[in-house]
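> Quick one: the structure is below, questions incoming.
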Amino acid sequence: MNLINHETVVKRMKSRLSKNSISKWIFFALTMFVLLILGILLFRIFSQGFGYLDLQFLQSLPSRKPENAGVYAALIGTIWLMAVVAPVSLLLGVGTAIYLEEYAKDNVITNFIKVNISNLAGVPSIVFGLLGLTVFVRALAFGTSVLAAGLTMSLLVLPVIIVAAQEAIRAVPNQLREASFGLGATKWQTIVRIVLPAAIPGILTGGILALSRAIGETAPLVVLGMPLFLAFLPKTLLDSITVLPLQIYNWTGRPQVEFHALAAAGIIVLLVMLIIMNSIAVLIRNKFQKRY
Amino acid sequence: MVKCASHLVIGMKGVFKLATQNTNSFSVQKMIQEKKKKKSAGGITEKIMPYILFLTAAVSVLTTIGIVLTLIFETFLFFDAVSIKEFFTAKVWYPFSETNGSFGILPLVMGTLKVTVIAAIVAVPIGLASAIYLSEYATDSARRIIKPILEVLAGIPTIVYGFFALTFVTPILRDIIPSLEIFNALSPGIVIGIMITPMIASLSEDAMTSVPNSMREGALALGATKFEVAIKVVLPAAISGIVASIVLGISRAIGETMIVAVAGGSTPNLEWDITGSIQTMTAYIVQVSQGDVGYGTTIYYSIYAVGMTLFVFTLVMNLLAQYITRRFREEY
Amino acid sequence: METSTAAAKVVNPQEKKIVYKTSDLDLWYGDNQALKKINLDIMENEVTAIIGPSGCGKSTYIKTLNRMIELVPGVRTSGEILYRGKNILDKSYQVEELRTKVGMVFQKPNPFPKSIYENVAYGPKIHGIRDKKILDQIVEKSLRGAAIWDEVKDRLNQNAYGLSGGQQQRLCIARCLAIEPDVILMDEPTSALDPISTLKVEELVQELKKEFSIIIVTHNMQQAARISKKTAFFLNGEVVEFSETNKIFSTPADKRTEDYITGRFG
């Protein structure tokens, strides 16, 4: 007695197979659609902004006349912002990662810190803006300065650096720590001389990615009250700055098409910066890929 | 072979003796002891470092506490001027009136909701399709090309997406739907969807690739097609990771600011219509921050009340995602 | 067990000093007892081998001798281990000091991802020796002592990962020699090496015992027979037998030792 009728199985096989190949193409097409959108986005922005992209654009302060306007102030501002965010976030992030990976005991407090970090990563960036506005701009009276902006951004990207540094430190094989302890090295000596040097590529890669997130963020800086339009350059940490995303936002918000083209040109500058930073990160990652 | 080795031993012996004789003039252990006596400062570093590092770790906790306290305090000040009942039930958000402003958050929530739903409608199918394609169908080389491109998409600053929404997507949509206003919910919704697609795709793909191959092989050996394996074996096995990725994506959409600030408009309303101008919670905060609203006014405090609402929304989503991954973690 | 220790004493009159005196050592991983009432006297300037099947506690024991075992969470001990007369299990005994005197060579070669020179200079440097000339001398002496100097003298600044497995292990021995330890612990130092490299390391051990006390864990009984003066046989966390190596391998006192060395289990 046959429980399975092989004829019907064979008959149905055809429709199953066609379903299979159709769905494969659907999955493929939708994936390609995403890539297509990226292509369109880049093409649009480059074709729109390329006309304005020249040395004069890079060297000019913003202006009410589109043909005279440039991103110089925003570019310098972005560099100032990086100069604050990089050391602060690296110091805090790597310190936290070392604590969690090398020192922390498996207890309630440690667990709380870990849960807290993963939740912090999910807090909308604009909420960090509200924190910065209350704490840095008002309570500590830093005003709408590089310092206030940099500290706010440092907190925002902190989870990214912590997670990257944790992974990098965890990837250092325990045998190396054992070898160092076996020679009578203390824990801190082992961390500074063995663990960190071995983890540095991973930490740097994560740091660069975090930094590229910081220079692309707009919302928290708007909330801090950073100027969208600034015709002078900062001289101290307490001076105001504008940065590329704010400048782009400012130009995007204007009705004239010329300003939209300026915004596109500004975006090109921003994207080029991000591409350079990401390439460096990839280079570091490839150069130092797992040697133990 | 043995002979050769013994030869080596003799050679080694000579060298070793020579070396010990040459350098017998000092003893490393003695030097170590002396150095140790001289500087006991190393011991102090050793003792304080854990505390210093703990302090850096505490900064992340302090950040969370700072966010929560900031939001709570300023929101309380807001509720001095506006009743909680009005905030949650009034149907109009119109804070900019000198005399009788209205502070009902519902229209802002509605704006956020519309954008988020549109984003999810775009991102979930495309994200899942990409995830299935990458984990089940794509060749290694295709994966090596596509995944970095998705990463690039995820790394594009949101202001760029906002610009794209306003200057490209909206005009195209207006050619298709003539009644679409310049500022609307549809265009930023679609673009946010595109923005969160890479996130959903890569997290879901991670969940799917961690489904062991033995499960796929089991089904394939019974004559199942790849599609059947993907839908009936892999998808159910990875479902918790997939759902979590969708929840996280939606949380990102709720908190997204610049795209809606640029392309969504600034007219909070309670209508279901997606072709007209809207305002989301985030866009409202941006609008107030940009204007010259005086410190200490009700409007100033209102951004914290809105921020608090936003924070609670996203926190719930994030906790939900964590709960799903933990509660329904697959054990293979 | 009592008798075998006594026998050892008769054969070897007390001219040499005891480096390690272990009395009633118990060790637990959580609730799991890994070492039970260990009593062992280890003499200076000779090679003591520890043999036994996997999981018998031999690695655990050797790691207790420089307290590396503390890196495993949830480890508890009782009893005492006297090193040169002082109880190292006492919390007030500083581990760094102990490990400065007691070097260790690990199962898998584990050079640091640094240059050959830096690998050897690491120990002296962390202990505060910074004089370049002295460091140069220490590095050369240690590399000669580990019989690897001739192979690496022209590439001291190259990364240690460029060396072969056997060379890496001898580099690790050199690294250990650089702080002129009193005792060298070797935890299956040749288990990851090819036969020729193994031979070189064994010959090296024969050289080193003139200056250092060496304790070596091995799962290779021939190795123990070739290089050690005394051998301890561990089984299920206990010392079954401890005596002169040639006695253990020719006329074992315990039936279980005989079973093990004749290959009936393990």
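Any read-out appearing in this document is the output of simple, stated calculations on the displayed coordinates, not a laboratory observation. Values in this document were obtained by computation on a predicted structure and should not be read as measured data. Because the Cβ atoms are built from the backbone with ideal geometry, glycine has one as well, and the counts that use them run over all protein chains shown.
> Please work out the ratio of the alpha-carbon Rg of the stretch B:31-81 to 2.2 N^0.38 Å and round it to two decimals.
It is 2.26.
> If one takes the longest principal axis of the Cα atoms in chain B, at what angle in degrees, from 0 to 90 and to the nearest 10, does the Cα axis of helix B:140-155 lie?
60 degrees
> In the stretch B:151-194, how does Rg compare with the Kirkwood Rh, expressed as the Rg/Rh ratio over alpha carbon atoms?
Working: Rg = 10.9 Å, Rh = 10.8 Å.
Reported Rg/Rh (Cα atoms, Kirkwood Rh): 1.01.
> Treating only the Cβ of Lys, Arg, Asp and Glu as charged (+1, +1, -1, -1), what charge dipole size does chain B show about its Cα centre? Round to the nearest 20 debye.
2520 debye
> Right, something else. Evaluate the Kirkwood expression for the hydrodynamic radius of the protein assembly as shown, namely the inverse of the mean inverse distance over all pairs of different C-alpha atoms, and round to one decimal in Å.
One over the average 1/r among Cα pairs gives 32.0 Å for the protein assembly as shown.
> Find, to one decimal place in angstroms, the Kirkwood hydrodynamic radius of chain B, where the mean of 1/r is taken over every pair of different Cα atoms and then inverted.
So the Kirkwood estimate lands at 24.9 Å.
> Over all alpha-carbon pairs in the stretch C:34-160, figure out the percentage whose distance exceeds 23 Å. Don't skip to the answer; put the middle values down first.
On the way: 3703 of 8001 pairs.
Percent of Cα pairs beyond 23 Å in the stretch C:34-160: 46.
> Continuing with the same structure: Please go through the stretch B:198-301 and write out the GluC sites (Glu not before Pro) that DSSP classes as loop and that have at most 16 other C-beta atoms within 10 Å. Don't skip to the answer; put the middle values down first.
On the way: sites: B:205, B:217, B:228, B:256, B:271; in loops: B:256, B:271.
Passing both the DSSP loop test and the Cβ count: B:271.
> Please give the net charge around residue C:133, taking every other residue with its beta carbon less than 15 angstrom from that of residue C:133, where Lys and Arg add +1 and Asp and Glu add -1.
Net of charged neighbours comes to +1.
> Please list, in chain and number order, the residues 5+ apart from residue C:216 or on another chain whose amide H is under 5 Å from its amide H, with Hs placed from the backbone.
Distant-sequence amide H within range of residue C:216: C:48, C:49, C:50, C:186.
> Could you tell me what % of all Cα pairs in the stretch A:21-137 have separations over 21 Å? Could you put the intermediate results ahead of the total?
Values: 4715 of 6786 pairs.
So the pairs more than 21 Å apart make up 69 percent of the total in the stretch A:21-137.
> For the stretch B:221-290, what D do you get in µm² per second when you plug the Kirkwood radius from alpha-carbon pairs into Stokes-Einstein at 25 °C and 0.890 mPa s?
Stokes-Einstein gives a translational diffusion coefficient of 161 µm²/s.
> What is the spin-label model distance, in nm, from residue A:9 to residue B:45 if the labels are put 7 Å beyond Cα along the C-beta direction?
About 7.2 nm, to one decimal.
> Can you give the helix-only mean residue ellipticity at 222 nm for chain C, where every DSSP H stretch with n ≥ 4 adds -39500 (n - 2.57) and the sum goes over all residues, rounded to the nearest 500 deg cm²/dmol? If you can, show how the numbers build up before the last one.
On the way: 11 runs with 101 residues, N = 266.
Theoretical 222 nm ellipticity from helices: -11000 deg cm²/dmol.
> Next question. Can you pull the one-decimal nm distance between simple spin-label points at residue A:114 and residue A:235, each 7 Å off the Cα toward Cβ?
That separation, rounded to one decimal, is 5.1 nm.
> Set Lys and Arg Cβ to +1 and Asp and Glu Cβ to -1, take the dipole of the stretch B:31-81 about its Cα centre, and tell me which of B:81, B:51, B:64 lies farthest positive.
Checking the options against the dipole of the stretch B:31-81, the answer is B:51.
> OK, next. Kindly work out what percent of the DSSP beta bridges joining two residues of the protein assembly as shown are antiparallel, to the nearest 5.
Rounded to the nearest five, the antiparallel share is 60 percent.
> Let me ask something additional. How large is ³J(HN,Hα) for each residue in the stretch A:268-283, as worked out from phi by the Karplus curve 6.51 cos²θ - 1.76 cosθ + 1.60 (θ = phi - 60°), to whole Hz, x for Gly and Pro?
4, 4, 4, 5, 4, 4, 5, 5, 4, 4, 5, 5, 4, 4, 5, 4
> Most exposed first by the Cβ proxy, i.e. fewest other Cβ within 10 Å, how do A:260, C:127 rank?
So the ranking, lowest neighbour count to highest, is A:260, C:127.
> Given that compact globular proteins tend to follow 2.2 N^0.38 Å, what is the ratio of the alpha-carbon Rg of the stretch B:186-332 to that value?
1.41
> Okay, next question. Under 1.5 on a/c is rounded, so check that first for the stretch C:124-266, then, if it is not, pick prolate when a/b is larger than b/c and oblate when it is not; a ≥ b ≥ c are the square roots of the alpha carbon gyration tensor eigenvalues.
Prolate shape, in that a/c is at least 1.5 and a/b is the bigger ratio.
> May I pose another question? Helix B:28-38 sits at what angle to the longest principal axis of chain B, using alpha carbons and giving 0 to 90 degrees rounded to 10?
Computed tilt is about 50 degrees.
> Which helices, taking whole DSSP H runs in chain C, have alpha carbons extending 15 angstrom or more along the helix axis plus mean Kyte-Doolittle at least -1.0?
Helices passing the filter in chain C: C:116-126, C:132-145, C:165-177, C:195-208.
> Further question: Using only the Cα atoms of chain C, what semi-axes does the equivalent ellipsoid have when each is the square root of 5 times a gyration tensor eigenvalue? Give whole Å, largest first.
For chain C, the semi-axes come out at 31, 21, 17 Å.
> Under a Cβ-Cβ cut-off of 15 Å, what is the net charge of the residues other than residue A:149 that fall near it, where Lys and Arg count +1 and Asp and Glu count -1?
0
> Next question, about the same structure. For peptide B:131-138, what's the mean number of Cβ atoms from other chains within 10 Å of each residue's Cβ?
4
> Can you give the Rg and Dmax of the stretch A:6-50 based on its C-alpha atoms, in angstrom?
19.5, 65
> Could I have the simple spin-label model distance between residue C:37 and residue A:83, label points 7 Å from Cα toward Cβ, reported in nm to one decimal?
Output for this residue pair reads 7.3 nm.
> Still on this structure, please answer the following. I need the semi-axes of the equivalent ellipsoid of the stretch A:57-287: take the C-alpha gyration tensor, multiply each eigenvalue by 5, square-root it, list largest first in whole angstrom.
Values: eigenvalues 293, 75, 40 Å².
After scaling each eigenvalue by five and taking roots: 38, 19, 14 Å.
> I've got another one for you. Assuming R0 = 41 Å, what is the FRET efficiency of residue B:210 and residue B:34, from their Cβ-Cβ distance, to the nearest 0.05?
Calculated value: 0.15.
> When C:19, A:223 are ordered from fewest to most other Cβ atoms inside 10 Å of their Cβ, what list results?
C:19, A:223
> Residue C:196 label point, 7 Å along Cα→Cβ, cut-off 15 Å on backbone N: hits in the stretch C:142-160?
C:151
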